[in-house]
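Novice: Next up is a structure, given as structure tokens.
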Amino acid sequence: MMSRFSTLGLDRVSRDFGGHTALEELTLDIAGGEFVALLGPSGCGKSTALNCLAGLLPLTGGAILLDGERIDSIAPERRGFGMVFQNYALFPHLTVRGNVAFGLKMARVPKADIVRRTDRALETVQLTGHAHRRPGQLSGGQQQRVAIARAIVLEPRLVLMDEPLSNLDASLRLEMRTEIRRLHQSLGLTTVYVTHDQEEALSLADRLVVLRDGVTQQIGTPGEVYGRPANRYVAAFMGYRNMLDVTVTAARGARLSLDLAGARITGLGRAPLSAGDRAVAALRPEDLEPAADGPARGIPAAVEVVEYHGREFAVQARLGDGRPVHFRTARRPAPGDAVELTADPERVLVFPPDVPAALGASRPGRRPGGSPRLRAVTP
Amino acid sequence: MTRVREHPPPPGAAPRASASRARPALRHRLAERGVDRTLLLLAPGAVFLVLLFCYPFLYGLQLSFQPQRGGGALANYRAFFGDPYLRETVWITLGLAVPVALVNCLAAVPVAFRTRGPFRGRRLITTLLVMPITLGTVLTAQGLLGYLGPGGWLNKTLLATGITDTPLELVHNYWGVFASLVITGFPFSYLLTLSYLTGIDPGLEQAAATLGASKRQRFRHVTLPLLAPGLAVTFCLSFVLAFAVFPSAQLVGDPRGETHVISIEAYQAAFQKFDYSLGSAIAMVMAAVMTAVVLVVLAWRSMLYRGATGGKG
């Protein structure tokens, strides 16, 4: 039943709805056994991409190739891909066992094999004791596990997961996340996983695809996307909460000296920038800390709001010109305190102020991705 | 995750709380059971039902046991079931109503299935399908006579093209009434079936597809089981509408023979022979037959899954 593949290729896969492009030329090669996460906010095209892969949505452009063979016109029931839906889509009239056995029954697998394989799948997701219940009698986490068991019992070539954890509460989500990773490790099923939660994507996936408005922003390992975001949009999505407008005062290769409202900091250019350019410095709150007492030369700021986060305090402060800045500290500051903030220059990423809409060279005919400040506003 | 959220109550607090736990006010206890003043909104409906259904029904029931020509309480029923011409009306009516209800339900399923999703011109097609509701039986009969009658367009066309050499007999018999009942009954079945179908989450069929189920298997194993309880209700309503057939049996049927339905006999007893008592008895037989069929269908329905179907409806 299980037929492995070596590569699943998405070649400029596009999907339009009316005049709106939901997914624009997604190109991606997935290796057999890989866990790939499609990441982005709602409306970024990640679910569209997944539905295109499953065959539930026809493409309007591009091709999907499985080991070099086009599969994008094959009906979903003949692709042999398993899918876990966001709302689980369990059959309400069938028991847990009936749900899990459904695919095997449709494939006319011999009865004894159906029982054996269903038992094993139920065991894998630890639902053996609930086999005779109906989905309506299960908790969200249990339903979710039924959905997973139903998809993996067929040992599909590819498992597609559409935000499977988004309907669960926080602790269950963590538990199921580990469960999904464990299943992936033990069964070695190639998985494409859609989520809007960067933490989920980072912790689960071997590779991430960050999407925005249907356009691929960055493809890379969790480490690459987290540590070296391709543009300020990806950076913002990856937890770089501070996006500070700066002016480049000097550039030595990627090492940039920056002017931040009078304060001087250094950072790492993520795109070619030269002296005099306006730019944006991206910084995680946890990489920004108040300098120890002494003649520190950091960014002066005034503490405004202090939140207790257990091991540390999350602080919102204001720069001299009133712009907010977020940082973390182990010692409790008081609102109104003046602090000098410093950061490791390696951790200050500097981007051009405008996000290029696509990776690499810009393509003609694209909708403007420029900053809204430049657009005329008519009331 | 291991943090303890609930604190034990301070000592001494518990006994005090239970001591002061008086019985809640009657209003609150009623409200717990869903009884409050807004229930009064049901009053007009309840009064209406009692005055216009329960009272006439019970009045008719007792009237049916008081035959005008004497002979004991059951004389009317004996008269009805003793006369083969009268007895036969039950079977004639069932022979019309059951096939009509079945055809209406079965025809509604594929049409509703195809028109449930969005497509260009959906509103126009839905409107056309529902339009016959506005026609009324008499207008439908008029149309059928003109179209299907011996000198109607259909027969004229068939004769002119040489497909038949004698006109088809499509009115003033069983088929005329059948056609009339399907035309007026289909919109109801269609609308009901459509609303049941749109109540089923389309994601379930997609899930079935990703599990390898073909179109036919998806319909057979997912859509149909979830639709079946709705179809049972649709059948019942369709059947009851058709069982009470009267005008079309007169106008496009053969009221003395093939379509000598039970309501004709009830009408004749009550308003031509002015034997209200016999008329009531026949009406009671009608009610009993309808109830029996509906109960059988509902008993079957109670064996099906009737829970949530995951959709919007």
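The values are calculated or read from the model by the stated rules, or taken from the named source; none is laboratory data. Because the structure is predicted, anything quoted here is derived from the model rather than measured. Virtual Cβ from ideal backbone geometry, glycine too; neighbours counted across all protein chains shown.
Novice: From the list B:PRO56, B:PRO110, B:PRO84, which residue is without any contact (Cβ under 8 Å) to a residue 24 or more places away in the chain and under 20 Å from the mean Cα position of the chain (by Cα)?
Specialist: Result: B:PRO110 is the single residue among B:PRO56, B:PRO110, B:PRO84 that is without any contact (Cβ under 8 Å) to a residue 24 or more places away in the chain and under 20 Å from the mean Cα position of the chain (by Cα).
Novice: Quick check, is A:LEU38 touching a residue at least 40 places away in the same chain (Cβ under 8 Å) and within 20 Å of the chain's Cα centre (by Cα)? Please lay out each step first, then the result.
Specialist: Working: touching a residue at least 40 places away in the same chain (Cβ under 8 Å): yes; within 20 Å of the chain's Cα centre (by Cα): yes.
Yes; evaluated as a whole, the condition is true for this residue.
Novice: Looking at B:THR291, B:THR309, B:THR259 in this structure, which one is under 25 Å from B:THR137 (Cβ atoms) and touching a residue at least 12 places away in the same chain (Cβ under 8 Å)?
Specialist: Sole residue among the options that is under 25 Å from B:THR137 (Cβ atoms) and touching a residue at least 12 places away in the same chain (Cβ under 8 Å): B:THR259.
Let's see how each residue does on (1) within 14 Å of chain A (Cβ to nearest Cβ); (2) in contact with a Pro (Cβ under 8 Å, 6 or more places away or on another chain):
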| position | (1), (2) |
| --- | --- |
| B:PRO202 | yes, no |
| B:LEU227 | yes, no |
| B:GLY230 | yes, no |
| B:ALA242 | no, no |
| B:ILE264 | no, yes |
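Novice: Just to be sure I understand the filter: pairs with C-beta atoms under 7 Å, separated by 6 or more residues or on different chains, first member in the range A:330-344 and within 15 Å of A:VAL306 (Cα to Cα), second member assigned to a loop (DSSP other than H, G, I, E, B). Which pairs pass?
Specialist: Close Cβ pairs satisfying both conditions: A:ALA330/A:GLU312; A:VAL339/A:PRO333.
For (1) free of Cβ contacts under 8 Å to residues at least 24 places away in the same chain; (2) touching a Ser or Thr at 6+ places or on another chain (Cβ under 8 Å); (3) part of a helix (DSSP H, G or I), each residue gets a yes or a no:
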{"residue": "A:GLN217", "(1), (2), (3)": "no, no, no"}
{"residue": "A:GLY223", "(1), (2), (3)": "yes, no, yes"}
{"residue": "A:PRO229", "(1), (2), (3)": "no, no, no"}
{"residue": "A:VAL234", "(1), (2), (3)": "no, no, yes"}
{"residue": "A:ASP245", "(1), (2), (3)": "no, no, no"}
{"residue": "A:LEU258", "(1), (2), (3)": "no, yes, no"}
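Novice: Going by the conditions given, is B:ALA208 in a loop (DSSP other than H, G, I, E, B), within 14 Å of another protein chain (Cβ to nearest Cβ) and not acidic (Asp, Glu)?
Specialist: no
Novice: Test each condition in (1) in contact with a Leu (Cβ under 6 Å, 6 or more places away or on another chain); (2) away from chain B (no Cβ under 14 Å) for A:THR60 and report the one that comes out false.
Specialist: So the condition that A:THR60 fails would be (1).
Novice: Next question. Within the range B:188-200, take every residue that is surrounded by fewer than 19 Cβ atoms within 10 Å (Cβ to Cβ), of a type outside the set (Phe, Trp, Tyr) and over 18 Å from A:LEU94 (Cα atoms) and give me the one that is farthest from the other protein chains (Cβ to nearest Cβ). Outline the logic, then answer.
Specialist: Within the range B:188-200, the subset surrounded by fewer than 19 Cβ atoms within 10 Å (Cβ to Cβ) is B:188, B:191, B:195, B:198-199.
If we keep only those that are of a type outside the set (Phe, Trp, Tyr) as well, we get B:191, B:195, B:198-199.
Subsequent filtering for residues that are over 18 Å from A:LEU94 (Cα atoms) retains B:191, B:195, B:198.
On the way: B:LEU191: 24, B:SER195: 18, B:THR198: 16 Å.
Filtering first and then ranking leaves B:LEU191.
Novice: Identify the single condition in (1) away from chain A (no Cβ under 14 Å); (2) of a type outside the set (Ser, Thr, Tyr); (3) surrounded by 20 or more Cβ atoms within 10 Å (Cβ to Cβ) that B:PRO255 does not satisfy, given that it satisfies every other one.
Specialist: (3)
Novice: Also: Is it the case, given these coordinates, that A:VAL84 is within 24 Å of A:LEU187 (Cβ to Cβ) and buried (at least 23 other Cβ atoms within 10 Å of the Cβ)?
Specialist: yes
Novice: Which of the helices (runs of 4 or more DSSP H) contained wholly in the range B:1-96 include at least 3 residues that are farther than 23 Å from B:VAL289 by Cβ and modelled with pLDDT of 90 or more?
Specialist: B:43-49
Novice: A follow-up question, please. For A:ALA49, state whether it is under 26 Å from A:GLN185 (Cα atoms), assigned by TED's automatic domain parsing to the domain that holds A:ILE114 and either in contact with a strand residue (DSSP E or B) (Cβ under 6 Å, 6 or more places away or on another chain) or buried (at least 22 other Cβ atoms within 10 Å of the Cβ) (or both).
Specialist: Yes.
Novice: From B:VAL138, B:VAL103, grab the single residue that is closer than 30 Å to B:VAL296 by Cβ and assigned to a helix (DSSP H, G or I).
Specialist: On the way: B:VAL138 fails: closer than 30 Å to B:VAL296 by Cβ.
On inspection, the qualifying residue turns out to be B:VAL103.
Novice: With B:GLY203, B:GLY117, B:GLY151, B:GLY185 as the choices, which residue is closer than 30 Å to B:ARG220 by Cβ, small (Gly, Ala, Ser) and part of a loop (DSSP other than H, G, I, E, B)?
Specialist: Matching residue, one of B:GLY203, B:GLY117, B:GLY151, B:GLY185: B:GLY117.
Novice: Considering only residues that are of a type in the set (Asp, Glu) and outside any helix (DSSP H, G or I), look in the range A:197-215 and name the one that is nearest to the chain's Cα centre (by Cα). Show your work before the answer.
Specialist: Quick first cut of the range A:197-215, residues of a type in the set (Asp, Glu) only: A:197, A:199-200, A:206, A:213.
Retained after the next criterion (residues that are outside any helix (DSSP H, G or I)): A:197, A:206, A:213.
Numbers: A:ASP197: 6, A:ASP206: 12, A:ASP213: 14 Å.
Result: A:ASP197.
Novice: Only one of these conditions is not met by A:LYS111: (1) without any contact (Cβ under 8 Å) to a residue 12 or more places away in the chain; (2) of a type in the set (D, E, K, R); (3) touching a helix residue (DSSP H, G or I) at 6+ places or on another chain (Cβ under 8 Å). Which number is it?
Specialist: Here A:LYS111 clears every test but (3).
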